[in-house]
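This report concerns only the one structure given below.
The values are calculated or read from the model by the stated rules, or taken from the named source; none is laboratory data. Remember, predicted model here, so these are calculated numbers, not experimental data. Neighbour counts are summed over all protein chains in view; Cβ atoms, including those assigned to glycine, are modelled from backbone coordinates with ideal geometry.
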Amino acid sequence: MKKEIINFTINGTPYEVAVEPQMTLNEVLREQLDLTGTKFSCGAGECGACTVLIEGKPMLSCCTLAITAKDKNILTIEGLAKGGELHPIQKAFIEHGAIQCGFCTPGMILTAKALLDENPNPTREEVKAYLAGNLCRCTGYVKIIDAVLAAAKEMNEGGK
Amino acid sequence: MFRTLKPFEYFEPKTIEEATETLSKYGTKAKAYAAGVDLVPRMRKRQIHPKYMVNIQQIKGLDAIKENAEGLSIGALSSLRSIELSPLVKKNYMVLSEAIHSIASIQVKTQGTAVGNLCVATPASDVAPALFVLDAKFRVAAPSVEKTVPIENFYTGVGQTVLQTNEIITEILLPKLPAKTGGAFLKLVRTVADIAKVNAAATLTITDDTCKEVRIAVGSVAPTVFRAKKAEGMLKGQKLDQKLIEKAAETAAGEAKPITDLRSTAEYRKETTRVLVKRVLEKALERAKA
Amino acid sequence: MSQELTCVGKRITQKDVVLKATGEARYVPDVRLPGMLWGKVLHSPYPHAKIKKIDKSKAEKLSGVATVITVEDTPKILWARSFRDMPMAPSGALQHADEYILADKARYVGDPIAAVAAVDEKTAEEALDLIEVEYEQLPFVLDPFEAVKPGAPLMHDYAKNNIAVHLTPPPFLVKGNVEKGFTESDVVVEEKFFASKQVACQMETQSCVTSVDSSGKVTCYSPCQLAHPFRRELGKMFNIPVGKINVVNPFVGGSFGCRLSCHNEPICIALAMKVHKPVKLVYSKEEDFTTIDTRTPHYYTVKMGFKEDGTLNAMTVDVTTWAGGYLSRAQLAGGITLIWALGHYHCPNMNGSCDVIYTNTTVAGAGRGFGNPAIMWGVEEVVDMAAEKLGMDPVEIRLKNTKHTGEMANMGLPIESSYIDDCIGEGAKAIGWNEKLGKNKGGKGTLKRGVGMATMTHCSGAWPLLIEHSNAFIKFNEDGTADLTVNPGSPGTHIWGTLSQIAAEELGIPAEDIYIVTGETDKTMFDLGSHASRSTYVTGNAVLEAARQAKRQLLERAGKMLSESPDDLDIKDRQIYVKSNPEKKTSVADVCFQSIWNLKGESLNISGKSSWASHYNSIPTAAYFAEVEVDTETGEVKVLNFITAVDCGKAINPMTVEGQCEGGVQQGIGYGLTEDYVINKNTGAVESDNFTTYKMPGTMDMPENTKIIIIDKPDPKGPFGAKGVGEPGLVGIAPAIGNAIHDAIGVWIKDLPATPEKILKALKEKSG
């Protein structure tokens, strides 16, 4: 099938890639750009492990054709830490024991980021509701929710 | 079993005309792409095999939610989440917001559109029952034609609608609701992030305690979402009390033709159709009175 | 434990977790090797079929396809996906080898028939459509009770009536005279149960990347839990020396038992051997659900007789284990249910039996808790039924029958420590048992509330059923940091952090000074791997012993430098000091440096090594308390509060222990309420083949409050007093929920999962 050259910005860096129309964004990130922090799990839009932020919004990279993301700003887990400094959500996930096997973690953290960008002061219930599309089999979600609340507090107090 | 998608040719029309013309050209081999959340998994599972993909995302002006003289217009590219959170929807069409709220995944709602959800024509749609009880109409574009289809005429079977292969919905139109109208939506699921085993929506308009207008819609218990008209007939023009509501709910359950599948049993669905219809009527009444 | 602990008991984060937070952690599907091809497997669409002919010519001609293989292209050596040649003590029984790398005959829908390697995944998937298989469909049987009937289609030549094995309890669990015991009981309850086919639902699907170089060296990236035993099985399967095989575990996206077996690795290796190029094979979620081991389902009858005062007098458990098309670990999972059930409470008269039966269904194997969650669902429900008949409180009847330190445990060894009564007491207090039991407290209208409990005893490793052997090697670096080489596998359990804390505690240095070397069979000595809640206990003891040896060397060297006897020295905060005169000291770093860069020629790289085998088994115990709300009109159950009180000895890292137990609550709610493995009766196909159709709990399905109470009393045999905790986190969750449902609405659900459909039906039957 004919390839098309598309441009997008990933983690602040402009990319030019040749994609076949049926390639998903997940496939292009992982297989062409080797950004394997974005996971592929269910392939059915049900688990959230493939979540990336497109123009700041949480989207399922396994259900998005790469070609439809052209000219967009995309944030993957690899772009969250800045200059070796972890994002407060990443720090909180580490400190609160919110990570076990870690396979759901990139999607969880990015979804949490979208939440805190939208609502810097969520309640426990709001965190739970926002993460309802992200499955985890290890943690029982308790420490994940703790971590998001702790990150919110840190970000608010840190004036970020 | 598969992880990749089969190849297809890709189009990116800039106008509705261009989109419908491309769809016309390729007929049943083409699919309109609005978000991918439903389409891509089905392609991955090899349930559908479009050879031509028509991405309508680049068509301008299809993502607005705005009030007009008749009521509310929701553009086809409006995301589920933008509809759920729209102050206009929340203020006047709470039942729709509530229905979308029941879809748990933020990603699905951010990416997915209401129109996309409707066009899949699953009997388990959460959006459809809300639109049934809001008496929604769809503005449909075909090459050089435009028409309006009431939701009641929209579905023809599981996965089937009256839409021709070259037609796309451009707008959802909601009429203004009379004063003293209340609505409610409920669903039963296996886990919170799930499609419905059974769902139900109702709107009620009252004067004093009398039911002026009523609409009841039930999902996942028949090949399509449907209006429980016999039950509605029992309520319309009547003074509403608990006993009557329960009788109407019983009747609505009688109108359901559920099946047993992996999500639930026919028996359970029948029984809980009654419970859900009763509950949405109670809640709608309470809201109509408020 | 007189001295103050500085690392053990602390909430320290395992070093590599940061890589998971940044996306740097590479899992098997993230591994990319130069020149790598993509593999793909063709699975049988039929539950039982002869493979008459496979025409692969069209597929081979597709541009980009490197090879297509069938059973004829693989070594025709029968193997066991759960590994032959793991001698089971004391019987020495082996797992039955019943499977080829690719099937000679399809025995379930999903059985691998052929495989492709191609330039990319899309081409490999396209090639599948071009492989033409001529099947002769055979009669099939899905139900284990049908499978044993005369005339039922047979799966394997050796298994008469499809019975793979008939098992009885180990001799120490056959006691007294059960007939007499029941006759002499005041209350006898006998009920039938079904414990379902739960799916591991690990987020990373089954994957493998393998390279075979020109020297014949096989490097296999696999998420398997038992890397060393797996390597040995591969050696036998491909008839190559184990030294030629390096099994690499990179980061692993969850296991929960399913990765005790190997699945698509042999296929991936066979492809790589054929094409002499690296091959990557990543299963889709649907392939995962239909072809890799699920938890073993069991149909079983529990009969328990109690004296008037609540004393358990007689007990039998008879189990029919539903294995699937191949055996995997169903044999063990079946047999061990007898051990969990009969070994839990005191009982003078008991017996049991277990038949393990082949059917044309997806293979059943290990699941977290290995039969314990399944059997305790019924046992703990029967205990509550008896309590109700006796007019006793469920707490009271359990306290009457629990076992204590010194008595014989489930595995036939003495209980090293048990604080199960503390678990029951603390848990009951935390949930508000006395205020809530039988009172529908807080229930409104159609919403009824109830509380329920369950208990369990488990294990720390499988000794004496299986050898429990681990090795550890610690070497000090010039700066006083240490490399700890171990290979217990880490599917996300933070075991490396736990082991670091154990080593650091013994060595008197901070855990951050310990660097873990692991993940490759080439680099590491034997370790059985991650199973049976063993790693903290068995590998932990190996690490502790290696640390003791390294410490001895450190102190001997330091003694020479300080002109003191090593016995008079100790280490704290990286300093080696004279116990009677703490001011006189040197640093660990200095001793290490001077030992390596020794100008007198007395060079020594300070190190310690241990080959450790457990000859005891400290049982973790736990009590679980659930508070639920049931909607009597819809049958929906909401778990409001959940308390797990766990006696896992000394918690090396409380945060890790909590994490294990909190995760167990999610899996237990799923097992108890929502996770239903649906097989189409007409086609044998798995209908619940992804997260859309098989529902595990998300954030919104979890209790409002989940509380983990760690009893934290040291065990005499565990490293720093630790016992296993991985599986105990799950075992009693569903049983407690089942009993809470009964407290709320007065019905017993006996088949897992307790769906609203079953609850509503039971309520209807109850009201007549």
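Residues that are in contact with a Pro (Cβ under 8 Å, 6 or more places away or on another chain): which strands (runs of 3 or more DSSP E) entirely in region C:216-300 hold 1 or more of them?
C:218-221, C:279-282
Kindly indicate the residue of region A:111-130 that is of a type outside the set (S, T, N, Q) and touching a residue at least 40 places away in the same chain (Cβ under 8 Å) and also farthest from A:Glu46 (Cα to Cα) among those meeting that condition.
Going residue by residue through region A:111-130, those that are of a type outside the set (S, T, N, Q) are A:112-118, A:120, A:122, A:124-130.
From what is left, the residues that are touching a residue at least 40 places away in the same chain (Cβ under 8 Å) are A:113-114, A:117.
Details: A:Lys113: 19, A:Ala114: 18, A:Asp117: 23 Å.
Here the residue is A:Asp117.
For region C:624-642, give me the residue count where each residue is within 30 Å of the chain's Cα centre (by Cα) and farther than 20 Å from C:Leu752 by Cα.
Number satisfying all stated conditions: 1.
Take the residues in region C:666-694 that are of a type in the set (Val, Ile, Thr) and farther than 20 Å from C:Glu204 by Cα, then tell me which one is surrounded by the fewest Cβ atoms within 10 Å (Cβ to Cβ).
As a first pass, look at region C:666-694 and keep what is of a type in the set (Val, Ile, Thr): C:669, C:674, C:678-679, C:683, C:686, C:692-693.
Now restrict to residues that are farther than 20 Å from C:Glu204 by Cα: C:669, C:674, C:678-679, C:683.
Details: C:Ile669: 27, C:Thr674: 21, C:Val678: 16, C:Ile679: 23, C:Thr683: 14.
It comes out as C:Thr683.
Just one of C:Val646, C:Val665, C:Val639 is within 12 Å of chain A (Cβ to nearest Cβ), among the aliphatic types (A, V, I, L, M) and part of a strand (DSSP E or B); which is it? Don't jump to the end; show me each part of the working.
Values: C:Val646 fails: within 12 Å of chain A (Cβ to nearest Cβ); C:Val665 fails: part of a strand (DSSP E or B).
Just one listed residue meets the conditions, C:Val639.
Go through region A:138-158 and count every residue that is within 9 Å of another protein chain (Cβ to nearest Cβ) and not in a helix (DSSP H, G or I).
First, the residues of region A:138-158 that are within 9 Å of another protein chain (Cβ to nearest Cβ): A:138-145.
Then drop every residue that is not not in a helix (DSSP H, G or I), which leaves A:138-141.
Matching residues across region A:138-158 total 4.
Mind checking which residues of region B:200-223 are surrounded by fewer than 21 Cβ atoms within 10 Å (Cβ to Cβ) and of a type in the set (Val, Ile, Thr)? Give the steps one after another, and end with the answer.
Pass one, region B:200-223, residues surrounded by fewer than 21 Cβ atoms within 10 Å (Cβ to Cβ): B:205, B:207-210, B:212-213, B:222-223.
If the condition is that a residue be surrounded by fewer than 21 Cβ atoms within 10 Å (Cβ to Cβ) and of a type in the set (Val, Ile, Thr), then B:Thr205, B:Thr207, B:Thr210 are the ones that fit.
Residues checked against (1) β-branched (Val, Ile, Thr); (2) under 21 Å from A:Cys104 (Cα atoms); (3) out of contact with any strand residue (DSSP E or B) (no Cβ under 7 Å at 6 or more places or on another chain):
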position	(1), (2), (3)
C:Gly9	no, no, yes
C:Asp16	no, yes, yes
C:Arg26	no, yes, no
C:Asp30	no, yes, yes
C:Gly35	no, no, yes
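Within region C:152-159, identify whether any single residue is among the small types (Gly, Ala, Ser), at pLDDT 95 or above and farther than 27 Å from C:Lys750 by Cα, and answer yes or no.
Step one: filter region C:152-159 for residues among the small types (Gly, Ala, Ser), giving C:152, C:159.
If we keep only those that are at pLDDT 95 or above as well, we get C:152.
So of that shortlist, the ones also farther than 27 Å from C:Lys750 by Cα come out as C:152.
Yes, some residue in region C:152-159 is among the small types (Gly, Ala, Ser), at pLDDT 95 or above and farther than 27 Å from C:Lys750 by Cα.
Please verify whether A:Asp71 is outside any strand (DSSP E or B), surrounded by fewer than 20 Cβ atoms within 10 Å (Cβ to Cβ), among the charged types (D, E, K, R) and facing another protein chain (nearest Cβ under 8 Å), treating the condition exactly as stated. Please lay out each step first, then the result.
Values: outside any strand (DSSP E or B): yes; surrounded by fewer than 20 Cβ atoms within 10 Å (Cβ to Cβ): yes; among the charged types (D, E, K, R): yes; facing another protein chain (nearest Cβ under 8 Å): no.
In short, no.
Applying the selection to region B:70-97, what residues are in a helix (DSSP H, G or I) and not hydrophobic (A, V, I, L, M, F, W, C)?
Taking region B:70-97 as the starting set, the residues that turn out to be in a helix (DSSP H, G or I) are B:80-85, B:87-92, B:94-97.
Once the filter is applied, which keeps residues that are in a helix (DSSP H, G or I) and not hydrophobic (A, V, I, L, M, F, W, C), region B:70-97 yields B:Arg81, B:Ser82, B:Glu84, B:Pro87, B:Lys90, B:Lys91, B:Asn92, B:Ser97.
Going residue by residue through region B:186-199, is there one that turns out to be buried (at least 22 other Cβ atoms within 10 Å of the Cβ), more than 14 Å from every other protein chain (Cβ to nearest Cβ) and either more than 20 Å from B:Arg269 (Cβ to Cβ) or modelled with pLDDT of 95 or more (or both)?
Checking region B:186-199: not a single residue is buried (at least 22 other Cβ atoms within 10 Å of the Cβ), more than 14 Å from every other protein chain (Cβ to nearest Cβ) and either more than 20 Å from B:Arg269 (Cβ to Cβ) or modelled with pLDDT of 95 or more (or both).
Are there helices (runs of 4 or more DSSP H) fully within region C:39-157 with at least 3 residues that are touching a strand residue (DSSP E or B) at 6+ places or on another chain (Cβ under 6 Å)? List them. Don't jump to the end; show me each part of the working.
Numbers: elements: C:57-61, C:121-128, C:144-147.
By residue number, C:121-128.
How about region B:124-220: which strands (runs of 3 or more DSSP E) wholly inside it have at least 3 residues that are in contact (Cβ under 8 Å) with a residue 24 or more places away in the chain and under 30 Å from C:Ala754 (Cα atoms)?
On the way: elements: B:137-142, B:145-150, B:155-157, B:168-175, B:181-188, B:198-207, B:210-219.
Correct list: B:181-188, B:198-207, B:210-219.
At negative phi and crowded, with 18+ Cβ neighbours inside 10 Å: which single residue out of C:Glu233, C:Glu179, C:Glu184, C:Glu191 fits that description? Talk me through it step by step, then tell me what you get.
Numbers: C:Glu179 fails: crowded, with 18+ Cβ neighbours inside 10 Å; C:Glu184 fails: crowded, with 18+ Cβ neighbours inside 10 Å; C:Glu191 fails: crowded, with 18+ Cβ neighbours inside 10 Å.
Answer to the check: C:Glu233.
Condition check ((1) closer than 23 Å to C:Ala272 by Cα; (2) among the aliphatic types (A, V, I, L, M)) across all residues:
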{"position": "C:Ile101", "(1), (2)": "yes, yes"}
{"position": "C:Asp104", "(1), (2)": "yes, no"}
{"position": "C:Ala124", "(1), (2)": "yes, yes"}
{"position": "C:Asp129", "(1), (2)": "yes, no"}
{"position": "C:Leu142", "(1), (2)": "no, yes"}
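If you go through region A:102-137 one residue at a time, how many are more than 14 Å from chain B (Cβ to nearest Cβ) and under 19 Å from B:Val192 (Cβ atoms)?
2
Could you list, in sequence order, the residues of region C:18-28 that are facing another protein chain (nearest Cβ under 7 Å), in a helix (DSSP H, G or I) and crowded, with 24+ Cβ neighbours inside 10 Å?
Passing the criteria: C:Lys20, C:Ala21.
What do you reckon, is C:Tyr624 within 14 Å of chain A (Cβ to nearest Cβ), in contact with a Leu (Cβ under 9 Å, 6 or more places away or on another chain), in contact (Cβ under 8 Å) with a residue 24 or more places away in the chain and hydroxyl-bearing (Ser, Thr, Tyr)?
Judged against the criteria, C:Tyr624 is not a match.
If B:Thr4 passes every condition in (1) surrounded by fewer than 17 Cβ atoms within 10 Å (Cβ to Cβ); (2) within 8 Å of chain A (Cβ to nearest Cβ) but one, which one does it miss?
Answer for B:Thr4: the failing condition is (1).
Considering every residue within region B:71-83, establish whether at least one is more than 17 Å from the chain's Cα centre (by Cα) and more than 10 Å from chain A (Cβ to nearest Cβ).
Narrowing region B:71-83 to residues more than 17 Å from the chain's Cα centre (by Cα): B:71.
Still in the list and also more than 10 Å from chain A (Cβ to nearest Cβ): B:71.
Scanning region B:71-83, I find at least one residue that is more than 17 Å from the chain's Cα centre (by Cα) and more than 10 Å from chain A (Cβ to nearest Cβ), so the answer is yes.
Here are some conditions: (1) at pLDDT below 95; (2) out of contact with any helix residue (DSSP H, G or I) (no Cβ under 8 Å at 6 or more places or on another chain); (3) more than 14 Å from chain A (Cβ to nearest Cβ). C:Thr485 meets all but one. Which one does it not meet?
Unmet condition: (1).
This table checks each residue for (1) within 18 Å of C:Thr493 (Cα to Cα); (2) of a type in the set (Val, Ile, Thr).
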{"residue": "C:Val646", "(1), (2)": "yes, yes"}
{"residue": "C:Gly649", "(1), (2)": "yes, no"}
{"residue": "C:Glu658", "(1), (2)": "yes, no"}
{"residue": "C:Asp676", "(1), (2)": "no, no"}
{"residue": "C:Phe720", "(1), (2)": "no, no"}
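Within region C:45-68, is even one residue surrounded by 17 or more Cβ atoms within 10 Å (Cβ to Cβ), farther than 30 Å from C:Leu332 by Cα, at pLDDT 95 or above and among the acidic types (Asp, Glu)?
No: zero hits.
What single numbered condition from (1) surrounded by fewer than 21 Cβ atoms within 10 Å (Cβ to Cβ); (2) part of a helix (DSSP H, G or I); (3) within 14 Å of chain C (Cβ to nearest Cβ) fails to hold for B:Ile259?
Failed condition: (2).
Identify all residues within region C:195-215 that are part of a loop (DSSP other than H, G, I, E, B) and either polar (S, T, N, Q) or more than 19 Å from C:Lys285 (Cβ to Cβ) (or both); write none if there are none. Explain how you work it out, then say what you get.
Pass one, region C:195-215, residues part of a loop (DSSP other than H, G, I, E, B): C:196-206, C:213-215.
Those that are part of a loop (DSSP other than H, G, I, E, B) and either polar (S, T, N, Q) or more than 19 Å from C:Lys285 (Cβ to Cβ) (or both): C:Ser196, C:Gln198, C:Gln202, C:Thr205, C:Gln206, C:Asp213, C:Ser214, C:Ser215.
Which of the residues belonging to region B:7-38 are within 14 Å of chain A (Cβ to nearest Cβ), of a type in the set (Asp, Glu) and touching a strand residue (DSSP E or B) at 6+ places or on another chain (Cβ under 9 Å)?
The answer is B:Glu9, B:Glu12.
If I ask for residues that are modelled with pLDDT of 95 or more and either surrounded by fewer than 17 Cβ atoms within 10 Å (Cβ to Cβ) or more than 15 Å from the chain's Cα centre (by Cα) (or both), which ones from region B:135-146 would you list?
So the first thing to find is which residues in region B:135-146 are modelled with pLDDT of 95 or more, and the list is B:135-141.
Once the filter is applied, which keeps residues that are modelled with pLDDT of 95 or more and either surrounded by fewer than 17 Cβ atoms within 10 Å (Cβ to Cβ) or more than 15 Å from the chain's Cα centre (by Cα) (or both), region B:135-146 yields B:Val140, B:Ala141.
Suppose we filter region A:7-43 for residues that are at the interface with another protein chain (Cβ under 7 Å from one of its Cβ atoms) and assigned to a strand (DSSP E or B); how many remain?
Selection size over region A:7-43: 1.
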